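Enquirer: Attaching a single structure in structure tokens format; questions to follow.
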Amino acid sequence: MAKGTVNKVILLGRIGQNPEVRQTQTVMTIATLSLATNEIVKEETQTEWHRVVVFGKAAETIQQYSKKGDQLYIEGRIRTNKWQDKEGNSKYSTEIICNQFQFVGGGNQNSSHSTPDYADIPEANSHNSQSQQPKANNIPGFDEINNFDDDIPF
């Protein structure tokens, strides 16, 4: 991590459509899903949609156990992609790279999952299998964060 910077996103929302899952040529599973978060402003609900990308075994778990309408807790980082369209114009898209998630509600309430850190993957389409090896991930589980013993007297 660069000194003095943080790129962390925490979302709690509902899945907008069933996750799209694909595999790279190196047989890495990638799940993409849309997650809706809501905010009520002056008695009006405003919905924000987030594109979330999940890699590896966690993507397989997302595919197997989640569907449209399910509530999901996501931790990750923001990544902005830039590309050129057919006319040569610069286009941008922003997505959340998930490194941890937890199913909320239903039968999966206590399931917490961490994913490898794929910070060195420029895009999942890379053919360089060495750059696609996961790094160690030392992020504690969601339950560990919320189940600490607090001795603060107030």
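Enquirer: In region 31-56, what count of residues is obtained for those that are over 17 Å from residue 20 (Cβ atoms) and not hydrophobic (A, V, I, L, M, F, W, C)?
Expert: Qualifying residue count, region 31-56: 10.
Enquirer: Also, quick follow-up: Has region 105-120 got any residue that is charged (D, E, K, R) and modelled with pLDDT of 90 or more?
Expert: no
Here's the yes/no breakdown for (1) touching a Phe, Trp or Tyr at 6+ places or on another chain (Cβ under 7 Å); (2) modelled with pLDDT of 50 or more:
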| residue | (1), (2) |
| --- | --- |
| 45 | no, yes |
| 65 | yes, yes |
| 82 | yes, yes |
| 103 | yes, yes |
| 127 | no, no |
| 138 | no, no |
| 143 | no, no |
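Enquirer: Right, here's the next one. Name the one entry in 14, 22 that is under 15 Å from residue 102 (Cβ atoms) and basic (Lys, Arg).
Expert: 14
Enquirer: Are there any strands (runs of 3 or more DSSP E) wholly within region 1-83 with 2 or more residues that are surrounded by 10 or more Cβ atoms within 10 Å (Cβ to Cβ) and among the aliphatic types (A, V, I, L, M), and if so which?
Expert: Result: 9-15, 29-41, 44-55.
The values are calculated or read from the model by the stated rules, or taken from the named source; none is laboratory data. The model shown is predicted, which means the values in this text are computed figures rather than measured ones. No Cβ is skipped: glycine too gets one built from the backbone with ideal geometry, and neighbour counts run over all protein chains shown.
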